[in-house]
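The values are calculated or read from the model by the stated rules, or taken from the named source; none is laboratory data. In this text, all values refer to a predicted model and were calculated from it rather than measured experimentally. Please note: Cβ atoms are built from the backbone with ideal geometry, for glycine as well, and neighbour counts cover all protein chains shown. These area figures cover heavy atoms from the full protein model, side chains too; ligands, DNA and RNA do not enter into them. Shrake-Rupley method; radii C 1.70, N 1.55, O 1.52, S 1.80 Å.
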Amino acid sequence: MRKIKIITLILVLFGGLRIYAADMYFATPKTSYGVNEEIQVALRISSPNEKINALEADIIFPDELVKFVDFYDNNSIAIPWWERPALNENVIHFSTGIVGGFDGLIDPFEPEKKKAGTVANFVFRAKNEGVGSFEIENGAVYLHDGKGTLGELSTAPLSFIIGPAITPAEYKLLDDRPPEPFEVLIDHSELIFDNQYFAAFQAEDSGSGIAFYKIKEGGGLWLPAESPYLLRNQKLTSVIKVKAVDKAGNERVMTVSPLTSKDLSYLWYVLAGLLLIFLVHLLLDHRRKTVYNVNVYEQHTRSKK
Amino acid sequence: MVEKRKFSFFRLILGIWIFTGFFVLTPFSAKAQLSDLVSISATALPPPRGSVILIPSTVLSFSGRAYPEGRIVILKNGQFFAETKANRKADFSVSLTTLEPNNYKFSIYGEDNFQRRSPTFNFDLILKRSVTTTISGIFLPPTIEVDKREILKGEKLRIFGQTVPFGLVTIVIDPTLPSYKVSADTNGIYQYFLDTIELDFKTYVPILKTTVGVVESPENSGGDFIVGQKTRSAIKTCESIPADLNCDGRVNLIDFSILLFWHKKTNFPARVNLDGYNGISLADLSVMIYYWSG
């Protein structure tokens, strides 16, 4: 009896009240599918007790039952991606930051209730009948404390059943809007690319998410690009264009003149200098003309005499 | 007799739950109360009447108090999105109308007349079509600067900054010491000369807040100083913000790009290793995001 009490006490102290920084889990509209059907799985994170600002995980799926199709990050809290979701056999690995930290989404109609955020929506296609599960392994969250502290994370798998083949409903991605306008920053630093100029950019798309970027310097070709991008024209004499393309093919092109506000301020100094020279020149010219006029007047007076 | 003991055991269990619930969970509730000043509300637009078709819009507005004629910057998902200026009374209001319905992280910070920044306040919002979301009651805390990084014990340290006009600034140097109060002038400028004779030889991080009537701003901490054997002026260096890798006074996409460049590489510069441990990893990104200013 005494032992039971001690065990209960330990469970109460260290088990029952254990508070995790975050919970990572899957959410699907249903758990029963037919072969050929599309399976949409949202990976969610809730963190009501502590603010987190980075997370990573491996998503394991039974590749004998389902095939990974794609992922969408159009409503994701994952900004900026550190490693975008990438497939390796039956494992999808990702890691991301959450700028500003995260402790729950606020619905303005119910501001007191914080909601879980979506990391990404993963799309699979059922290929064989059977019972399986999506699992999360190697999950980690970091607290928003400026020290890179690991927080405690609880994860939960999601079981599903795949039955006989059905004629799958056609899901069409409805996205006719281009990515949102985004910043393209040009800079150089001794910490990267041997202090050469590079471009940094990151676009967002609320419809389907960003698929890829392209860059064009001056009259050059559009080239595939990732941020940070080492500029070819290190003299910064050409206009730089960055194109963000979403997963539905919509494009947004941002143009940046490499002249920074710092450079422009130098330009102002140059203009002010030129203006000063011009004024001095005008003044001297005016004085010269005055002296000339005096001489002319004197000559004129003398000739009259 | 046995029953009595059983009862006391379960009472003990109940007591532990209540004790833990009160002392462990209360700080989270307190955190929520800290932001009670800020009110978040939503108004749905009525459906269009008759044959006039209105394009439904998603509107987000922010309002509150900052610094007289101070700059208010709004970031969307960590990048610059909009800015406005507070009036002479330090009140500001801004409406954003070009948003698509989605989930967004909005961050807001203020910059006083001397380019000193407030802390950044973040809101993870679900914005819906035809809904006006209003975030009001934002009260940015006082900005902080000190004139010395290290001070000889006994000398006076000047703590100064800006807040709302005539705001009462409370300065806490150490929780064990009494707080100091000073009123801001018509321009919201305050200063306090702190006598360091009673202070120990150690580092102090002042914590400040402003009170106007019964309304208190959140706290701001900064302007740390050392009470030591000599006096050194406070000079802003590149290392003032740990994650500001390109030394431009901001932590943004450029710094992120530099960090990302060194991910999984070995010969990285020491300055890039933000958490001080081996390799450039997600932990370094976590440190950088903490200091993110957009």
Each label sits 7 Å from Cα toward the beta-carbon; between B:Ser41 and A:Val253 the label points are separated, in nm, by 4.6
Segment B:92-109 residues near the modelled B:Phe80 label - backbone nitrogen below 17 Å, point 7 Å along Cα→Cβ: B:107-109
For segment A:120-163 and segment B:181-220, distance of Cα centres in Å: 47
Over 29 Å between alpha carbons, listed pairs A:Lys114/B:Lys209; A:Lys30/B:Lys76; B:Lys202/B:Lys264; B:Lys89/B:Lys202; A:Lys114/B:Lys181; B:Lys105/B:Lys209: A:Lys30/B:Lys76; B:Lys202/B:Lys264; B:Lys89/B:Lys202; A:Lys114/B:Lys181
Round to the nearest 0.05 the FRET efficiency obtained for A:His281 and A:Ser238 when R0 = 30 Å and r is the Cβ-Cβ distance. 0.30
If I compute solvent accessible area with a 1.4 Å probe over the protein chains, what percent of it on segment B:46-185 is carbon and sulfur? 54
Using a 1.4 Å probe, how large is the accessible area of B:Cys238, given in Å² and rounded to the nearest 10? 30
Please list the non-local residues whose amide H lies under 5 Å from the amide H of A:Gly148, H modeled 1.01 Å from N, same-chain partners needing a gap of 5 or more. B:Val287
Counting only protein chains, not ligands or nucleic acids, how are B:Lys209, B:Lys105 ordered by accessible area (probe 1.4 Å), most first? B:Lys209, B:Lys105
Test item: B:249-259 mean partner chain Cβ contacts at 10 Å: 6
Sorted by chain and number, the residues with a modelled amide H under 5 Å from that of A:Ser208, at a separation of 5 or more or across chains, are A:Lys247
Between segment B:143-176 and segment A:202-251, what's the alpha-carbon centroid distance in Å? 47
What FRET efficiency, computed as 1/(1 + (r/R0)^6) with R0 = 45 Å and r the Cβ-Cβ distance, is obtained for A:Thr167 and B:Thr98, rounded to the nearest 0.05? 0.60
State, in square angstrom and to the nearest 100, the accessible area buried between chains B and A, both chains counted, probe radius 1.4 Å. 5400
Quick tally, 1.4 Å probe accessible area for B:His263, A:His93, sorted with the most first, runs A:His93, B:His263
Lys pairs under 13 Å by Cα in segment A:175-260, provided they are eight or more residues apart or on distinct chains: 4
Accessible surface of A:Lys51 in the full protein assembly, 1.4 angstrom probe, to the nearest 10 Å²? 70
For A:Lys30 and B:Arg129, what is the calculated FRET efficiency with R₀ set at 30 Å and r taken between the beta-carbons, to the nearest 0.05? 0.70
Normalising by the residue count of segment B:152-294, find the relative contact order in percent from Cα pairs under 8 Å and 6+ residues apart. 18
Solvent-accessible area lost in complex, 50 Å² minimum, residues of segment B:275-294 relative to chain alone, 1.4 Å: B:Leu282, B:Ser286, B:Ile289, B:Tyr290
Here the whole-number average of other chain Cβ atoms within 10 Å per Cβ of A:72-82 is 4
Gap in Å between the Cα centre of segment A:27-57 and the Cα centre of segment A:79-105? 12
Which order do B:Ile241, A:Ile77 take by accessible area at a 1.4 Å probe, largest first? B:Ile241, A:Ile77
Treat each spin label as a single point 7 Å out from the Cα along the C-beta direction, and report the B:Leu152 to A:Arg84 distance in nm. 6.0
What does the structure give for A:137-147 when I average, per residue, the other chain Cβ atoms found within 10 Å of the residue Cβ? 4
Tensor-based shape of segment A:175-260 (alpha-carbon gyration tensor, a/c under 1.5 rounded, otherwise prolate or oblate): prolate
Protein-protein interface of segment B:62-89, residues with accessible area decrease of at least 20 Å², isolated chain reference, 1.4 Å probe: B:Lys76, B:Asn77, B:Gln79, B:Phe80
Leaving ligands, DNA and RNA out of it, work out the accessible area of B:Phe261 with a 1.4 Å probe and give it in Å² to the nearest 10. 50
Using a probe radius of 1.4 Å on heavy atoms only, what accessible surface per residue do you get for segment A:18-166? Whole Å² is fine. 40
